[in-house]
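The values are calculated or read from the model by the stated rules, or taken from the named source; none is laboratory data. Not measured: the values here are computed from a predicted model. Please note: Cβ atoms are built from the backbone with ideal geometry, for glycine as well, and neighbour counts cover all protein chains shown. Remember, those area values only see protein heavy atoms, side chains included, never the ligands or the DNA or RNA. Shrake-Rupley method; radii C 1.70, N 1.55, O 1.52, S 1.80 Å.
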Amino acid sequence: MAEILLKNAYVIDPISGINGEVMDIAISGSRIVEEASKKAEVIDVAGLLTLPGGIDSHTHTSGTKVNFGRYMSPEDMRAGRTSKKGHMHITSGYSVPTTYGNSYRYSALGYTTLVEGAMAPLEARHTHEEFKFTPLQDSFANTLFDGNWGMLRALEDGDIKRAAAIIAWTLTAVKGFAIKLTNPGGTEAWGFGKNVSCINETIPTFDLTPAEIIKGAIKANELLHLPHSVHLHCNNLGTPGNFTCTIGTFGHVPDVNDKRQSLYATHVQFHSYGGSGWGDFCSKSEPVANVVNFRPQIVIDMGQVMFGRTTTMTADGPMEFNLYRLHHDKWSNHDVELETGSGIIPVNYRRKNLVNSIMWAIGLELALLVKNPWQCLLTTDNPNGAPFVKYPEIIALLMSKRYRDAEFATIHQDTEKRVALPAIERELDWYDIAVMTRAGQARALGITDLGKGHLSPGAEADIAIYPIRIDEIDPSAEYERIVKGFSQTEYTIKRGRVVSRRGDAIIDGENTTFWVKPKVPAAYDMQHDTAFQELFERYYSIRMSNYPVQEEYLHRNHCIETETDL
Ligand SMILES: [Zn+2]
């Protein structure tokens, strides 16, 4: 087996309790080991910052809506062209790049694992086919259940075990990883041209409220012992005044798991808005962050907005329709039979636009006001808030008050009265950043036992080495060096092989897709359940037997079997 010995690495590995130690890391095959033999290739990294490989716990890089984003924006495809170079394929696209574009650029930033934020079960094949061609990162798929008729019927009947059984069957069939709820009840209502405004409103087609759907899904999630918690995109995204809905939702979350959070709320920037309309729109990050600070059962990610062009895409069809009515630009809308919906709109976030300036401030505020970095993870909800290539700038903004002030001076002048950002002095440190970009993700996703997000012996050898010597940089003053240092690794190592060197992918990786298979007793095996079969026959456009994604569609895969309480 190939061996590598990384010498003199300056390691920050929060899960292993290491905060800045110069040490050697031995790799044998795909794993980190205690010691390497004399045959190991030695790489002296000479004190450079060495972190576990980055993990994006919420991004949109693969699947039908991502691909439709590419179709919709030829101007975006022209924006990010790179030519063939060595092992690297041609790439194109800026906010919605080709699969190789995503993979190379993430790898240059040191990212080795990606979670697709929203996979519609019916369209899962497409997601898995794109995972296959994202060769330098392992993949996980959040699977959409927000409008799943089988699950909603079971919840309506108060039968949590049946809901759990349907979730188990579906995750196994489509090779999904976790339960994703996008605007629960709202995407189902959108199939009939409607929406819901918050968690206590009964949805039009089932005798259920979003609150009941969320609580039911959390219970089912724990019955199935899934690694990750329910992954929620709250109701009412992007609406002035929606922070009350967000706080109300967080207030309902029970504390049911002692290893990880009970609820992961994604892109909370889009859910922390005050005001009664766009005229008095303002930040409400403070009350939202306060709730998170008092509720350890909740983990959020930022959903940071950065200025410039990007593409918004979400299962939240009604939200995208509202956005279309604001922008009157290109819009795509899609209803996924009895499961969910989706919408896509290209946008340009402008510094001189007051609403956009406030949105930019809110994401940063959340990251700075949530006290525990394990509870607020760094994302842009790529590409919704910004393409992920902006991560180095976000890291620098979080580490430097001076950088934030310099940026603040360039945005809409009325922003100051509507946000908390200028008064926040906090500057995050290297350890906080390591938590918010990999360790926190691994713990929140429940994948540390799979060897993700840390560098202790036995872990997967996924490692990012940045051209940064932390004792030579004052992050507060030299923020440009932070941006540069995190923009391109010196080495990105994936499963024990150097896959990227100074921004160039140097070999074709061999990624793995992780999926879950809850072990259910025969009485809860939906494959043989007559009512479930009838639901398929009656309402789906395809047969139940054609629905599952065969393992051939997965390049390499790792099935995580869970014991269940059914
Ligand atoms: Zn998302």
In region 279-334, what residues are within 21 Å of residue 182 (Cβ to Cβ) and polar (S, T, N, Q)? 297, 304, 310, 311, 312, 314, 322, 332, 333
Scanning region 54-75 for residues that are open to solvent by 20 Å² or more (accessible area, probe 1.4 Å) and over 18 Å from the mean Cα position of the chain (by Cα), which turns out nearest to the ligand (Cβ to nearest atom)? 68
Give me the residue from region 271-286 that is part of a helix (DSSP H, G or I) and over 23 Å from residue 190 (Cα atoms) and, out of that set, nearest to the ligand (Cβ to nearest atom). 285
Going by the structure shown, is residue 382 buried (at least 24 other Cβ atoms within 10 Å of the Cβ) and either part of a loop (DSSP other than H, G, I, E, B) or away from the ligand (no atom under 16 Å from the Cβ) (or both)? yes
Between a first residue in region 198-219 that is among the polar types (S, T, N, Q) and a second residue that is outside any loop (DSSP other than H, G, I, E, B), which pairs have beta carbons less than 8 Å apart while being 6 or more apart in sequence or on different chains? 200/210; 200/211; 200/248; 205/188; 205/189
Residue under evaluation residue 76, criteria (1) modelled with pLDDT under 95; (2) part of a strand (DSSP E or B), criterion not met: (2)
Let me spell it out: the conditions are (1) in a helix (DSSP H, G or I); (2) among the charged types (D, E, K, R); (3) within 16 Å of the chain's Cα centre (by Cα), and residue 432 meets all of them except one. Which number is the exception? (3)
Residues of region 7-22 classified as more than 10 Å from residue 50 (Cα to Cα), among the aliphatic types (A, V, I, L, M) and in a strand (DSSP E or B), total: 1
Extreme residue, modelled with the lowest pLDDT, among residues of region 319-358 that are open to solvent by less than 20 Å² (accessible area, probe 1.4 Å) and hydrophobic (A, V, I, L, M, F, W, C): 336
If residue 182 satisfies every condition in (1) among the β-branched types (Val, Ile, Thr); (2) surrounded by 24 or more Cβ atoms within 10 Å (Cβ to Cβ); (3) more than 23 Å from residue 222 (Cα to Cα) but one, which is the exception? (3)
From the list 493, 473, 506, 560, which residue is modelled with pLDDT under 95 and either under 30 Å from residue 33 (Cβ atoms) or touching a helix residue (DSSP H, G or I) at 6+ places or on another chain (Cβ under 9 Å) (or both)? 506
Residues 322, 290, 257: which one is outside any strand (DSSP E or B) and either out of contact with any helix residue (DSSP H, G or I) (no Cβ under 9 Å at 6 or more places or on another chain) or among the acidic types (Asp, Glu) (or both)? 322
Check whether at least one residue in region 86-93 is touching a Pro at 6+ places or on another chain (Cβ under 7 Å) and closer than 27 Å to residue 513 by Cβ, and report yes or no. yes
Restricting to region 333-344, count the residues that are away from the ligand (no atom under 16 Å from the Cβ) and assigned to a strand (DSSP E or B). 2
In region 449-472, the residues that are out of contact with any Phe, Trp or Tyr (no Cβ under 8 Å at 6 or more places or on another chain) and surrounded by 19 or more Cβ atoms within 10 Å (Cβ to Cβ): 451, 452, 453, 454, 455, 459, 460, 461, 462
Contacts under 6 angstrom Cβ, first residue in region 221-243 being more than 15 Å from residue 285 (Cβ to Cβ) and more than 14 Å from the ligand (Cβ to nearest atom), partner open to solvent by less than 10 Å² (accessible area, probe 1.4 Å) and small (Gly, Ala, Ser), 6 or more apart: 223/164; 224/164; 224/168; 228/178; 229/262; 230/217; 235/186
Contacts under 9 angstrom Cβ, first residue in region 287-312 being open to solvent by 10 Å² or more (accessible area, probe 1.4 Å) and away from the ligand (no atom under 16 Å from the Cβ), partner of a type in the set (Lys, Arg) and in a helix (DSSP H, G or I), 6 or more apart: 308/390
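Could you please let me know if residue 35 is surrounded by fewer than 24 Cβ atoms within 10 Å (Cβ to Cβ), among the acidic types (Asp, Glu) and either under 25 Å from the mean Cα position of the chain (by Cα) or outside any strand (DSSP E or B) (or both)? Quick ask: steps written out before the conclusion?
Numbers: surrounded by fewer than 24 Cβ atoms within 10 Å (Cβ to Cβ): yes; among the acidic types (Asp, Glu): yes; either under 25 Å from the mean Cα position of the chain (by Cα) or outside any strand (DSSP E or B) (or both): yes.
It is true that residue 35 is surrounded by fewer than 24 Cβ atoms within 10 Å (Cβ to Cβ), among the acidic types (Asp, Glu) and either under 25 Å from the mean Cα position of the chain (by Cα) or outside any strand (DSSP E or B) (or both).
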Tell me, please, whether a residue that is away from the ligand (no atom under 16 Å from the Cβ), at pLDDT 95 or above and crowded, with 24+ Cβ neighbours inside 10 Å can be found in region 251-262. yes
Here are 79, 141, 120: which of them is in contact with a Phe, Trp or Tyr (Cβ under 6 Å, 6 or more places away or on another chain) and farther than 24 Å from residue 495 by Cβ? 79
For a quick check of your reading of the model, give me the residue pairs whose first member lies in region 117-128 and is closer than 13 Å to residue 337 by Cβ, whose second is open to solvent by 10 Å² or more (accessible area, probe 1.4 Å) and within 16 Å of the ligand (Cβ to nearest atom), with beta-carbon atoms closer than 6 Å and at least 6 apart or on different chains. 123/64
Only one of 199, 203, 218 is buried (at least 19 other Cβ atoms within 10 Å of the Cβ) and closer than 20 Å to residue 162 by Cα; which? 218
Matching option when the condition is closer than 29 Å to residue 262 by Cβ, modelled with pLDDT of 95 or more and either away from the ligand (no atom under 16 Å from the Cβ) or of a type in the set (Phe, Trp, Tyr) (or both), among 370, 389: 370
For residue 481: the one exception among (1) touching a residue at least 40 places away in the same chain (Cβ under 8 Å); (2) open to solvent by 40 Å² or more (accessible area, probe 1.4 Å): (1)
Among (1) in a loop (DSSP other than H, G, I, E, B); (2) free of Cβ contacts under 8 Å to residues at least 60 places away in the same chain; (3) touching an Asp or Glu at 6+ places or on another chain (Cβ under 9 Å), there is one condition residue 347 misses while meeting the rest; what is its number? (1)
